[in-house]
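The values are calculated or read from the model by the stated rules, or taken from the named source; none is laboratory data. Remember, predicted model here, so these are calculated numbers, not experimental data. Cβ placement follows ideal geometry from the backbone for every residue including glycine, while neighbour counts extend to all protein chains displayed. With ligands, DNA and RNA removed, areas are computed over all heavy atoms of the protein, side chains included. Shrake-Rupley method; radii C 1.70, N 1.55, O 1.52, S 1.80 Å.
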Protein chains: 2
Amino acid sequence: MQKDTIVAIMSSSSPTPPRVTPQGADSAVEILKVSATSKPVAVAGAIAGVVRQQSRVEVQAIGAGAINQAIKAIAISRGYVAPGGLDLVCIPSFIDISIDGEERTGIRLVVEVR
Amino acid sequence: MQKDTIVAIMSSSSPTPPRVTPQGADSAVEILKVSATSKPVAVAGAIAGVVRQQSRVEVQAIGAGAINQAIKAIAISRGYVAPGGLDLVCIPSFIDISIDGEERTGIRLVVEVR
C-alpha cells in the first residue's frame with residue numbers, strides 16, 4: 001500500500017508563471033491538495049467554490065487513498081454546481097510533486113467547466 | 001483498506017436499454033471494469049480502442065486501488081489518442097454495482113471526447 005504524505009485540503013495559488021506548463025494545464029489555476037484522510041464532501045465544497053469563481057481548479061493527489069478521495073470529491077462537486085448550469089469534467093495527468101525534498105509521482109486532476 | 005473484488009479488464013456491452021440511465025451517461029456505451037490489479041497501460045489501450053470507435057467508454061471501479069488504476073489508465077489513454085486529435089475528459093459519478101448478489105458502491109468514470 002502506498003503511503004499518503006500529503007496533508008489535508010490546502011488551497012494555494014501556483015507560483016509558476018502561466019503558459020509554460022508541460023501537460024496542457026494552466027498553472028495560474030488554484031490548487032487543492034487532497035490526502036487519503038481528506039473528507040470528500042469538504043473537498044467537493046472547495047472545488048465548487050473555486051470553479052464558480054474561476055471556472056477551473058487543479059486537484060492534486062498522491063497514492064491510491066488520496067486519488068480515491070479526490071475522485072469522490074469531484075463526483076460530489078458535480079452535483080453542487082449542476083443546479084447553476086455548470087457541467088464539470090476532469091482531466092487526469094501525472095505530475096512529479098516534491099514533498100520534503102523527495103520527488104513523488106502524483107496525479108493532477110484538472111476540473112473545469114465543459 | 002477496501003477489498004477489490006472486480007477482476008481484470010473485462011469489456012462488455014451494457015444490457016440495459018439506452019436513455020434510461022440516472023446519472024447522465026448513456027448506457028449503450030461499452031463498459032470496462034477495472035480492478036486494483038489491472039495494468040493501467042493495458043486498460044489505457046482498451047480505453048483508446050473503444051473511444052476511437054465510439055467516442056466514449058465507461059470505466060467502472062470499486063475501491064481505492066481500482067480507482068487509482070482507472071485514473072492512471074485514463075491519464076495514459078489521453079496520450080494514446082491525442083496524436084489523433086482526440087482530447088479526452090472524464091466524468092466521475094457514483095454507481096451501485098452488484099457483485100455476487102451483493103450491492104457495492106463504485107465509481108463510474110465516463111471517458112469521452114471533448
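Mind listing just one residue for me: the one in the stretch B:14-35 that is polar (S, T, N, Q) and modelled with pLDDT under 50 and, of those, least open to solvent (accessible area, probe 1.4 Å)?
Checked the stretch B:14-35; the qualifying residue least open to solvent (accessible area, probe 1.4 Å) is B:Ser14.
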- request: For A:Gly79, state whether it is more than 22 Å from B:Gly106 (Cβ to Cβ) and open to solvent by 10 Å² or more (accessible area, probe 1.4 Å).
  value: no
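Go through B:Leu86, B:Leu109 for me and flag whichever is facing another protein chain (nearest Cβ under 9 Å) and either of a type outside the set (Lys, Arg) or touching a strand residue (DSSP E or B) at 6+ places or on another chain (Cβ under 9 Å) (or both). Steps first, please.
Working: B:Leu86 fails: facing another protein chain (nearest Cβ under 9 Å).
On inspection, the qualifying residue turns out to be B:Leu109.
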Filtering the stretch A:89-106 down to residues that are more than 8 Å from every other protein chain (Cβ to nearest Cβ) and of a type in the set (Gly, Ala, Ser) yields A:Ser98, A:Gly101, A:Gly106
In the stretch A:68-97, anything in a strand (DSSP E or B) and in contact with a Ser or Thr (Cβ under 8 Å, 6 or more places away or on another chain) is listed as A:Leu88, A:Phe94, A:Ile95, A:Asp96, A:Ile97
Condition met for B:Ile91 (open to solvent by less than 10 Å² (accessible area, probe 1.4 Å) and under 11 Å from the mean Cα position of the chain (by Cα)): no
Being of a type in the set (D, E, K, R) and out of contact with any strand residue (DSSP E or B) (no Cβ under 9 Å at 6 or more places or on another chain): is that true of B:Asp100 here? yes
- request: Kindly establish whether B:Ile47 is in contact with a helix residue (DSSP H, G or I) (Cβ under 6 Å, 6 or more places away or on another chain) and either at the interface with chain A (Cβ under 9 Å from one of its Cβ atoms) or closer than 28 Å to A:Ala82 by Cα (or both).
  value: yes
Reported set for the stretch B:100-110 where residues are touching a residue at least 24 places away in the same chain (Cβ under 8 Å) and farther than 19 Å from B:Ala36 by Cβ is B:Val110
* To do: Would you mind stating whether A:Val50 is open to solvent by 50 Å² or more (accessible area, probe 1.4 Å) and not in a strand (DSSP E or B)?
  => no
Scanning the stretch A:50-83 for residues that are more than 22 Å from B:Ala61 (Cβ to Cβ), more than 10 Å from chain B (Cβ to nearest Cβ) and among the hydrophobic types (A, V, I, L, M, F, W, C) gives A:Val50, A:Val51, A:Val57, A:Val81
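Among the residues of the stretch B:36-47, which ones are touching a strand residue (DSSP E or B) at 6+ places or on another chain (Cβ under 8 Å) and crowded, with 22+ Cβ neighbours inside 10 Å? Step through it out loud before you land on a result.
Of the residues in the stretch B:36-47, the ones touching a strand residue (DSSP E or B) at 6+ places or on another chain (Cβ under 8 Å) are B:43, B:46-47.
Passing the criteria: B:Val43, B:Ile47.
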Scanning the stretch A:42-81 residue by residue, those of a type in the set (Lys, Arg), closer than 26 Å to A:Ile99 by Cα and in contact with a Pro (Cβ under 8 Å, 6 or more places away or on another chain) turn out to be A:Lys72
message: B:Ser38 - would you say it is without any contact (Cβ under 8 Å) to a residue 60 or more places away in the chain, among the polar types (S, T, N, Q) and within 17 Å of A:Ile67 (Cα to Cα)?
response: yes
